[in-house]
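To start, the structure itself, in structure tokens.
Read-outs: derived from the displayed coordinates by stated rules, not from any lab. A quick note: this is a predicted structure, and the numbers were derived from the prediction, not measured.
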Ligand SMILES: [Zn+2]
Ligand SMILES: [Zn+2]
């Protein structure tokens, strides 16, 4: 009996898949400094969920959230599932609004030669597809400036996304009541 085929178009290729490691490396770009909060470097944290793709949560050491991204190798737009997953992590869930989710496609040439070679070998129709969730600081109905934060003290259930005063250095998480990630002194 022949070994399991890795050729194009096998039944194995039906659903979304993990990204090749070279594509993950290309997507893991270094992030800039935290804007209008603490000016410290933003770090990408990786999150594992039941979705097969790469989640990256960009936040500063104080928990000020910059952007969340998700990418997988897929034939369809993962945005509806990404929105559902994010709503499960947000307090309140209504924080994740459809118009703040942006679907994206990334192509081989922009990801560098190694990723491009790896993508040339994946089954036909599979693409690097993903979603960005970016919620900018905003002024609420009472005229108070607010911004999104993330608490990473919940390794089992994933981060908690919440809103606090834009100027708060380490606001308390609505779930654990503790301030966000500790700010490391430089
Ligand atoms: Zn910050
Ligand atoms: Zn918490």
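How long are the semi-axes of the equivalent ellipsoid of region 114-186, taking √(5λ) for every eigenvalue λ of the Cα gyration tensor, in whole Å from largest down?
Square roots of five times the eigenvalues give 36, 18, 13 Å.
Report, please, the projected area of region 15-135 averaged over directions, based on the convex hull of its C-alpha atoms, in nm².
If I average the Cα hull's projected area over directions, I get 7.7 nm².
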*Calculate, in nm to one decimal, what residue 75 and residue 107 gain on full extension: separation in residues at 0.36 nm each, minus their alpha carbon distance.*
10.2 nm
*Per q in 0.18 1/Å, what log10 I(q)/I(0) does a Debye calculation on the alpha-carbon atoms of region 60-186 return?*
-0.97
*What is the helix-to-structure angle for 79-89, meaning the angle in degrees between its Cα long axis and the longest Cα principal axis of the chain, kept from 0 to 90 and rounded to the nearest 10?*
40 degrees
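Using helices alone, what [θ] at 222 nm do you get for the chain, with -39,500 (n - 2.57) per DSSP H run of 4 or more residues, divided over all residues and rounded to the nearest 500?
Roughly -4000 deg cm²/dmol at 222 nm, from the helical runs in the chain.
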*Most mobile of 34, 176, 60 in a GNM of the chain (Cα contacts under 10 Å)*: 176
*State the extension gain, in nm to one decimal, for the chain segment bounded by residue 30 and residue 141, taking 0.36 nm per residue of separation less the distance between their alpha-carbons.*
36.5 nm
*asked:* Sequence gap at least 6, Cα distance under 8 Å: using those rules, report the relative contact order of the chain to the nearest whole percent.
replied: 21 percent
*Anyone know which of 166, 120, 26 comes out most mobile in the 10 Å Cα GNM of the chain?*
120
